[in-house]
Amino acid sequence: MAKVRPGKWLTQEDKNFFMRLTPKEITKRFLQDIFSDKYNLVTNKKTESRFNTYDQFELKAGEYHNKEKIVTNCGIFIYNKRCLEETFLAEAGYQNVELTKKRVGKINEMLAQHAAKSKESLILYVDYLNKLRWLGDCIHSDICAPISIKSFKPLPKVQKRKKELLKKYEKEIAAKDLKTIDNITSELLAMAEEELKDDSSYEMYASGARGSFDNAYRRMQIMNGPVYNPSKGEYDIITNSLYEGYTKEDIATIANNLVQIFYNKSIGPGDSGYLTKQISAGFQTVMLDEKGSDCGTKGHIKFVLTEQLAELYMYSYMVEGSKLVELNPENVDKYVGKPVKMRDPSYCIGDCPCNACAGNRFYIEGLKKIGLTMSAVSGVFLNGNMKGAHDATIRLTEMSLDEMMT
């Protein structure tokens, strides 16, 4: 986690200034007036902003849709006021969390559950997403930390350790042992992350706003790592970083790397598009059975419910003894981290996917002809191809058979 910037404590007058705001008053000019430093080109002097997004104040219990007394900051308050007050603030309550990519994603998922209840809520959710995009786009360049010189060059301590590890595991690297390479880069990344955690530029990585530390920083300052060689059917290893530059021996490997990157973005989407046509042709006639239907199958999927899987299976039915229990936002915390038996359409024995096997999500959304929604599968491959053009990192992951099946 990046170092927390020290903010001032607002006076009561300053707090009242924020509390009196209406969402429509929060414009780009307003945000720049209160949060942006000003630089005078004539006098060469900088004027500090009136407030910082991390300046703090206290909200008493119930003062602004918060159940308990909390300490919040100006940036989080502006997010709640501009994005949530006219959409889901009454239902979701004040969101007093650091607005990283991961945490905003969780808020968005929670609000999506509210949006699924009616068409009116869905319209509000679209309005919320537009407000969220607007807020980020209009002010980020004024308040976000820039890249520092320290983060732009290899760190001496990390470089020293890198030389030691490359010498120690010289044989394994020559044998193209991917596990050894992964261990080396993981250790060096951990060292770099520890040294940079108090540097302002690390906020960009820690927040998830732009670039991933194990891809962008690793390739620029530590090492490129493994690159697949299709002519040999094996991986070649580049131990230099972009900052260090590549050797003559690396030229062919870099060429392979570039081909893989641009294939993902050029030919890859075509493959995904053709898969979409195949799926649409094969599943276009699939329709749901009537609301309340149950084919009576005894089949189910058994797995440990994680937060990520809970999002995927929300509004699906779990088998508990002789009865079915719907997984929903009200009871999900009770089941996360525990083994569950989930009904699934793959076990349905009816002529059409029944309500018990398909769950309630499609019924809530008013969809009966669900066949064309199967194209979401090819959409995953499409997104993967597009992201692969920006991140060609080879990552090793251990997983059990059960994890692969769920």
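Ala252 to Leu324: FRET efficiency via 1/(1 + (r/R0)^6), r the Cβ-Cβ distance, R0 60 Å, to the nearest 0.05? Step by step, r from the Cβ atoms, then E = 0.55. Note on Thr185, Thr239, Thr393: ascending count of other Cβ atoms within 10 Å places them as Thr393, Thr239, Thr185, the fewest first. The trypsin sites (Lys or Arg not before Pro) of the range 347-381 that meet both conditions, a loop assignment by DSSP and at most 16 other Cβ atoms within 10 Å of the site Cβ, are Lys368, Lys369. Counted by Cβ distance under 10 Å from Tyr228, the other residues give a net charge of -1, where Lys and Arg count +1 and Asp and Glu count -1. For the range 124-140, backbone phi angles converted through the Karplus equation (6.51, -1.76, 1.60; θ = phi - 60°) give residue-by-residue couplings of 5, 5, 4, 4, 4, 4, 5, 5, 4, 5, 4, 4, x, 5, 7, 10, 4 Hz, Gly and Pro being listed as x. With a Förster radius of 60 Å applied to the C-beta separation of Asn44 and Val304, the computed FRET efficiency comes to 0.50.
Length available on full extension from Asp37 to Lys69: 0.36 nm per residue minus the Cα-Cα distance, which gives 8.4 nm. Rounded to two decimals, the Cα radius of gyration of the range 12-143 over 2.2 N^0.38 Å is 1.14.
Loop-located GluC sites (Glu not before Pro) across the range 39-75 with a Cβ neighbour count of 10 or fewer within 10 Å are Glu48, Glu68, with loop assigned by DSSP. Taken one residue at a time, the phi angles of the range 341-354 give Karplus couplings (6.51, -1.76, 1.60, θ = phi - 60°) of 10, 9, 5, 8, x, 5, 9, 5, 10, x, 5, 10, x, 7 Hz. Gly and Pro are set to x. Sorted largest first, the principal axis extents computed over the alpha-carbon atoms of the chain equal 71, 69, 37 Å. Counting other Cβ atoms within 10 Å as a rough exposure proxy, the listed residues Leu129, Leu258 run Leu258, Leu129 from fewest neighbours to most. Quarter the surface of the alpha carbon convex hull of the range 149-263 and you get the mean projected area, 7.7 square nanometres.
Net charge in the neighbourhood of Gln159 (other residues with Cβ under 12 Å of its Cβ; Lys, Arg +1, Asp, Glu -1) is +3. When the label point is put 7 Å from the Cα of His390 along its Cα-to-beta-carbon vector, which residues of the range 91-116 have a backbone N closer than 20 Å? Counting backbone N atoms under 20 Å from the label point, the list is 99-109. Model label sites at Arg161 and Asn229, defined 7 Å from Cα along the beta-carbon direction, differ in position by 3.0 nm. Here is the list for the range 40-118: trypsin sites (Lys or Arg not before Pro) lying in DSSP coil, each with at most 15 other C-beta atoms within 10 angstrom of its C-beta, are Arg50, Lys60, Lys67, Lys69, Lys117. With helices as the sole contributors, the chain gives -13000 deg cm²/dmol at 222 nm; each DSSP H run of n ≥ 4 counts as -39500 (n - 2.57), and the sum is divided by every residue. Cross-linked pairs Lys60/Lys197; Lys117/Lys368; Lys176/Lys232; Lys106/Lys334; Lys102/Lys197: Cα-Cα separations exceed 24 Å for Lys60/Lys197.
Exposure proxy for Leu10, Leu372: other Cβ atoms within 10 Å of each Cβ, ordered fewest to most, give Leu372, Leu10.
Averaging Cα coordinates gives a centre for the range 258-310 and one for the range 42-109; these two points are 37 Å apart. Cα to Cα, under 23 Å, and not fewer than 8 places away if on the same chain: which lysines meet these conditions relative to Lys24? Candidates past the 8-residue exclusion: Lys15, Lys81, Lys131.
Read the figures in this text as sums done on the coordinates, not as results from a lab. Keep in mind the model is a prediction, meaning the values are calculated, not measured. Every residue, glycine among them, receives a Cβ derived from its backbone with ideal geometry; neighbour counts consider all protein chains shown.
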